Amino acid sequence: MLKIITRFRRDERGATATEYAMLIVFIALAIAVGAQTLGNDLNTLFTNIGTTLANVQVPAPPAAPAP
């Protein structure tokens, strides 16, 4: 029984899998935060463009020449 417990304590495969899982979670979190920030910035950009275009005054076309 002592051999089984000793072998279990020395086996680090589970620890490695846990480390990889944590690494994947942190990378996914960074991607999610980056996407959220990028989305907010794009939303602000397009809102500003829309506001600017809405305030543009188009000049009247020239009058037709008299016959």
query: residue 64 versus residue 2, label points 7 Å from Cα toward the beta carbon: distance in nm?
result: 11.0
Residue with peak Gaussian network fluctuation, the chain [Cα springs, cutoff 10 Å], from 35, 21, 54: 54
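Which shape class applies to the chain: rounded if a/c is under 1.5, otherwise prolate when a/b exceeds b/c and oblate if not, where a ≥ b ≥ c are the square roots of the Cα gyration tensor eigenvalues?
Numbers: a/c = 16.21, a/b = 7.53, b/c = 2.15.
Prolate shape, in that a/c is at least 1.5 and a/b is the bigger ratio.
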- prompt: For region 20-30, what does the Karplus curve 6.51 cos²θ - 1.76 cosθ + 1.60, with θ = phi - 60°, yield as ³J(HN,Hα) per residue in whole Hz, taken in order and with x for Gly and Pro?
  reply: 5, 5, 5, 4, 5, 5, 5, 5, 4, 5, 5
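May I ask you to compute the full-extension gain from residue 52 to residue 16, defined as 0.36 nm times their residue separation minus their alpha-carbon distance, rounded to one decimal in nm? Provide the component values of the computation, followed by the final result.
Details: separation 36, 0.36 × 36 = 12.96 nm, distance 5.39 nm.
Answer, rounded to one decimal: 7.6 nm.
Bear in mind that the values in this text are calculations on the coordinates, not laboratory data. Please read these numbers as outputs of a predicted model, since none were measured by experiment. Cβ coordinates were reconstructed from backbone atoms using ideal geometry, including for glycine residues, and neighbour counts include every protein chain displayed.
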